[in-house]
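One structure below.
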Amino acid sequence: MAHMRYIQWGEAAKKEGFPNASNLFMAVSYAEQVHAANHFRELKKEVGEASVTAGAGFGMTNTAENLQGAIEGENYEVDQMYPAFIQVANLQEEKGSIRSFQFALEAEKTHSELFSNAKERVETGKDYDEPSIHVCNICGYTIAGPEVEDDCPICKAKPEMFTTFKTA
């Protein structure tokens, strides 16, 4: 759900004249897709209906408010959702799920920080100042800056395992 919400908010940010904020939304959307793919891989034998509550806002407002919604959603995942998922996975001794949830939890912390930085700029009428965002293809860790120089601090993936999103 976050994946699709961020795509919509990214398109809105671009229309509002915030191309770097749009790029950030698109990059984090991709990171959320990485998390979902990891979770699906761990649940490969589970088939059926399930209800998944995102715990985040929905709807379209302006970019500053959309960034606030993103911050709240990321913080919910960090503070409540993933710790609960990890606790259950520990009880069920699901090592792969624990790893997948832990990767996502740590990456979500970076997402919240990046969205907070972007919101500060957008609230002053200026675009987010980072045109390049990099996402680890293994765990979804996300970093802003001209290039990736070090291994991923979460999963230890090499710099070449990152996908770069750059404002055109």
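Key figures
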{"read-out": "Neighbourhood charge, 12 Å Cβ-Cβ cut-off, centred on M1 and excluding it, Lys, Arg +1 and Asp, Glu -1", "value": "-1"}
{"read-out": "Among E77, E32, E93: highest mean-square fluctuation, GNM of the chain, C-alpha pairs under 10 Å", "value": "E93"}
{"read-out": "Per-residue HN-Hα couplings for region 129-136 [Karplus 6.51, -1.76, 1.60; θ = phi - 60°; Hz; x = Gly/Pro]", "value": "8, 10, x, 10, 10, 10, 10, 5"}
{"read-out": "Residues of type aspartates and glutamates that K119 reaches as a straight line, Cα spacing below 18 Å, ignoring anything fewer than 8 places off in the same chain", "value": "E11, E16, E65, E72, E74, E108, D127, D129, E130"}
{"read-out": "Charge context of E147, other residues only, Cβ under 15 angstrom, K/R +1, D/E -1", "value": "-3"}
{"read-out": "Cross-link reach list, aspartates and glutamates versus K156, counting only Cα pairs under 16 Å and skipping chain neighbours closer than eight places", "value": "E106"}
{"read-out": "For A157, residues with placed amide H under 5 Å, excluding near neighbours", "value": "C152"}
{"read-out": "Nearest-ten-degree value, helix 2-15 long axis tilted from longest Cα axis of the chain", "value": "10 degrees"}
{"read-out": "CD proxy at 222 nm, helix term only [per DSSP H run n ≥ 4: -39500 (n - 2.57); per residue of the chain; nearest 500]", "value": "-18500 deg cm²/dmol"}
{"read-out": "Linear extension gain, E65 paired with K166, 0.36 nm per residue minus alpha-carbon span", "value": "34.1 nm"}
{"read-out": "Degrees separating the helix 19-42 axis from the principal Cα axis of the chain, which is the longest one", "value": "10 degrees"}
{"read-out": "Cα-Cα over 32 Å, subset of K109/K158; K14/K95; K44/K109", "value": "K14/K95"}
{"read-out": "Using alpha-carbon coordinates, inclination of helix 63-76 to the longest axis of the chain, degrees", "value": "20 degrees"}
{"read-out": "Note, ³J(HN,Hα) from phi for region 83-97, Karplus 6.51, -1.76, 1.60, rounded to Hz, x at Gly and Pro", "value": "x, 5, 4, 5, 4, 5, 4, 5, 4, 8, 6, 9, 4, x, 5"}
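No value in this document is a laboratory result; all are computed from the given coordinates. Remember, it's a predicted structure, so these values are computed and weren't measured experimentally. Virtual Cβ from ideal backbone geometry, glycine too; neighbours counted across all protein chains shown.
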